[in-house]
Amino acid sequence: MSYLRQILFRSPGTLSNVVRHLCTQNVAKVEATQEELDKLYKFVELELRGNDPAVLKSFCKFAVTTGNHLDINTKSWTLRKPNHERYTVLKCIHVKKKHRVQYEYRTYYSFVQYKYLTGSTADTVLEYLERNLPEGVALKATKVEVQAIPEYLVPPESDKQSNTTVDT
Amino acid sequence: MLKIFRIIERNTIEKTCLCVRYSSTDSSAEKRDEFRVLNIRKPKGRYQERKQPRTLNILPPRSESMPVDQDWGNVWPGPRSFHPATVPLPVRQGYVEKSGAPPSKYANAELVKIPNFLHLTPPVIERQCNALKQFCTPWPKALDTDEKLEKHFPLQITSSDYCFSSPSIRNPLARIVTLRFKLGSLGLNQRAKDKFLRLVGDRYDEESDSVTIVTDRCPLKKQNYDYALYLLTALYHESYNVEEWENLKTEADMEYYDWLKNKSKATIEKLFGKPHGEIENADVYADSVDKLMNEGENTYTLDKYGEAVRKLLNLPTKIEIK
Amino acid sequence: MSLIKYSCNYSLFKHVLQNNTIQKNSTRFLQTSSVCLKNQAGRYRITPKGDFPLTYEMANPPHRIAHRKAWNSWNTSNLDGGVRSAETAVEDMFIRKFVTGTWHNLFASEVIIKRQHNIIRIAGIITRGLSPRKMYFLIGYTEELLGFWLQCPVKMELQTIADRKDIVFKYI
C-alpha cells in the first residue's frame, strides 16, 4: 500500500528520476505480482446536510480537529443561506381554499475539505468520520483521485513519425 | 391534632370491631342453627392487609459520586442519548418566557432530543487519532503542488460516497464517475486532436483545455470507472485511426483556412517563379492571410495583411494621409 | 321590481358617496384576511382553574419547532435529496404506536426516534411504575421485536422520573 511512499522517500533526488523509477517499477510490479498501489487523492470533500446548524458546526469542528491531528491540510466552510423547501397545503382536507397551512423543510449545508490524501489515509479518515456521524446529518464524500495516463495510450507505430514531425 | 385523635379513635374502634367479628364468626361455627348476621359494612372472612406501596430503592445519580480526575472517554465511550445521571455537567435547556432559569437536566426531553458529541471530546479525538495514525500514510513530499501533481498524474477521477439514515447503505447516485483531464496531457498530434475534439463534442471546455467524461449508465461504480477508461482508450485510438473517406477531404470541407493548401500559395509561386520557401517574406504573408481568413476582416488583420503584401512585393510603406 | 332597482341604485350611490368620504379620509375599510385564521393543532387552551399541567413539549406550539423546541424524529429523509421519506414517516408512526402500547401509561414525554445510519434510537422519559426486572424485560422485548420488524438494530435509551409532576413545565 505504502509502496509509492517508500519509493519517493528512498530516492529524494529529482522528480523525473523518481517518476521514471516508479514507471519502470510499476510495469515490472504489475507484470510480476499484481500488487495494488496506494491511490492518490487530490482532495476529499465532505458535504454535510442537516436540519440543525449547531449540530453541523459541532461536526465540522470535530472533522477539522481530526484532520489536524492526522496532519492533513483541512478547511471548512458553510453556505450562508440554507435551502428552504416549502409545501403549502389546504388546512382542511377537502374544502376552504382560502385556508392554507405551510410546512417547511430546512437544509443547512456545511463543507469540509481535506487536501492531498493517500488512499489509506482517505479510507481511515472517512471511516472514522462516517462512523461518528450524528443523527439527522447526511454526508456526501466526493473523492477526486489522480492517476497517471495509462501506459497503453501510445500512438500507433504508423503515426509516430508524423507525430514527431508535426509537433516539433 | 384533632384529626390525629380522630384517626386513632377510629382505628381503635375498627380493631375492637374486628375482634368482635372474629369472635362472632368463631361462635357462629359452633352454633349453626342460629341466624347468621348480615354484615354490610365489612366483608366476611379474613381481613386483607392492605398492600403497602412498593418503595423502589433508587440510587443517587452516578454523576454525584464521580471523581474529578476521571477519564471521561471511559464513562461515555460511544454515541448515546443524553442521560442526566451520567453527565456531571449542570446543563440546562429550554426557553422560559418570564424571567427564570431554563429547565434543568433532569426530566428534560430537549436534552435527549439534540444529538450530542459527548463521546467526541478533544482528548478522546486526540487519543483515537493517535491510534488511527498507524493506518495512514503521509503524502509523498515530491508532489507538493498542484502543477506537479497535474504533470505526473493528469487523469482526475471523481466519485462520491453517500451516508444517510436508512436500513440500506446503497445510494444510486454513488455510481456516477467523472473522468477529467487536460487534452494537452494526451500528446495528440494535430490531426488526431482535431478528430478527438470532433468525437468528444461539447465535453471539451476550451477555456481550461479540459475534457470531462461523465459515466452513469452502469449500475456500479467500478463498472462506470472501467467504462470511463474504456471510453478514453477508444477515443484515443479512434482519433489516430484514419478512415479512407477522411482522405477525400477537399478544400470545401476544411473547417479552417490553410494557406499551404490554397490557391494563394500557388499564385505567389507562379508570380515569383520559385517555391514559397525561397521567397523573401512569404512566411509573413502566409501568416497574415491565414489570420485574415480565420479570424475575419477587422482593422488589425487588414492592416497586417496590407503590410505583408507591401513587404512581399517590395513596395514602399503606407503613406499616412493627413 | 322598480323598488329593487331603486334600492340598488341607491346603495350604489351610497357606496360611491362613502368611497368619496373614504378617499377624503385616506383610510380604507377593507378586510383582506380570511375570517377564521385559527390554528388549533398542538395548542392547548387555558382552563378556568389554571391547573392543567403542560410539559415543555406541550407548552410550545408547532411553529416553535427549531426555535424553542427540537424535533421528535431525527433522520435524513427530510433533507434536500433525502431518500425513503414516506417509509421513514410510516415506520416512525409504527414505532410510536408500538412503544406507547407496550409501555402502557408509562411514557411521560414523547417518544423520540433518532436514526443514525441503520441504528434506530428510541429515547424518552418514563415513570417508575414498573419493577426494574419488568422494565428490563420490556426494553429487550421492544428492541427485539422492532429490530425484527424493521430489520435494523434498535436501542432503547430511557430516563426515569419518580413522579409525573417532575416533567411538568407549567400549568395553564
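Every number in this text was worked out from the coordinates using simple rules, so none of it is lab data. This structure is a prediction, so every number in the text was calculated from the model and none was measured. Here Cβ is always computed from backbone atoms with ideal geometry, including for glycine, and neighbour counts include all displayed protein chains.
Here are a few things to note about the model shown:
- Positive-pole candidate from B:I268, B:L292, B:M254, dipole of region B:251-312, charges at beta carbon: B:I268
- In a reduced charge model with +1 at each Lys and Arg Cβ and -1 at each Asp and Glu Cβ, chain B shows a dipole moment near 3860 debye about its Cα centre.
- In this structure, the residue pairs whose Cα-Cα separation is over 21 Å, taken from B:K265/B:K311; A:K39/A:K61; A:K98/C:K69, are A:K39/A:K61; A:K98/C:K69.
- For peptide C:78-88, the mean count of partner chain Cβ atoms within 10 Å of a residue's Cβ comes to 6.
- Translational diffusion of region B:251-312, µm² s⁻¹ [Kirkwood Rh, Cα pairs; Stokes-Einstein; 4 °C; 1.567 mPa s]: 108
- Given B:K51/C:K155; A:K42/B:K141; A:K57/A:K140; B:K42/C:K165; A:K115/B:K148, the pairs whose alpha carbons are separated by over 25 Å: B:K51/C:K155; B:K42/C:K165
- Within chain B, helix-based [θ] at 222 nm, where runs of 4 or more DSSP H residues each add -39,500 (n - 2.57), nearest 500: -12000 deg cm²/dmol
- Averaging Cα coordinates gives a centre for region A:67-109 and one for region B:269-319; these two points are 65 Å apart.
- Exposure proxy order (Cβ contacts within 10 Å, fewest to most) of C:V83, A:V95: A:V95, C:V83
- Assigned charges on the beta-carbon of Lys, Arg, Asp, Glu; region B:146-248 dipole about Cα centre (debye): 480
- Each Cα pair under 8 Å and six or more residues apart adds its sequence gap; the mean of these over the residue count of chain B is a relative contact order of 8 percent.
- The loop-placed GluC sites (Glu not before Pro) in region B:44-140, going by DSSP, that have at most 12 neighbouring Cβ atoms within 10 Å of their Cβ come out as B:E49, B:E97.
- In sequence order, region B:302-314 has phi-based couplings of 5, 4, 4, 4, x, 4, 5, 5, 4, 5, 5, 9, 6 Hz under the Karplus curve 6.51 cos²θ - 1.76 cosθ + 1.60, θ = phi - 60°, and Gly or Pro positions carry x.
- Ranked by how many other beta carbons lie within 10 Å on average, peptides B:153-161, B:65-73, C:106-114, B:128-136 from highest: C:106-114, B:153-161, B:128-136, B:65-73
- Ranking of B:S185, B:S288 by count of other Cβ atoms within 10 Å, fewest first: B:S185, B:S288
- Dipole magnitude for region B:214-322: about 280 debye, using +1 per Lys or Arg Cβ and -1 per Asp or Glu Cβ, origin at the Cα centre.
- Per-residue HN-Hα couplings for region C:63-70 [Karplus 6.51, -1.76, 1.60; θ = phi - 60°; Hz; x = Gly/Pro]: 6, 8, 4, 6, 10, 10, 9, 9
- Rounded tilt (10° steps) of B:282-295 against the dominant C-alpha axis of chain B: 40
- Mean-position separation - Cα centroids, region B:66-143 and region C:100-125, in angstrom: 21
- Taken over the Cα atoms of region C:53-171, the convex hull encloses 106 Å³ per residue.
- Here the Karplus relation 6.51 cos²θ - 1.76 cosθ + 1.60, evaluated at θ = phi - 60°, turns the backbone of region B:119-125 into coupling constants of 8, 10, 6, x, x, 5, 4 Hz, with x for every Gly and Pro.
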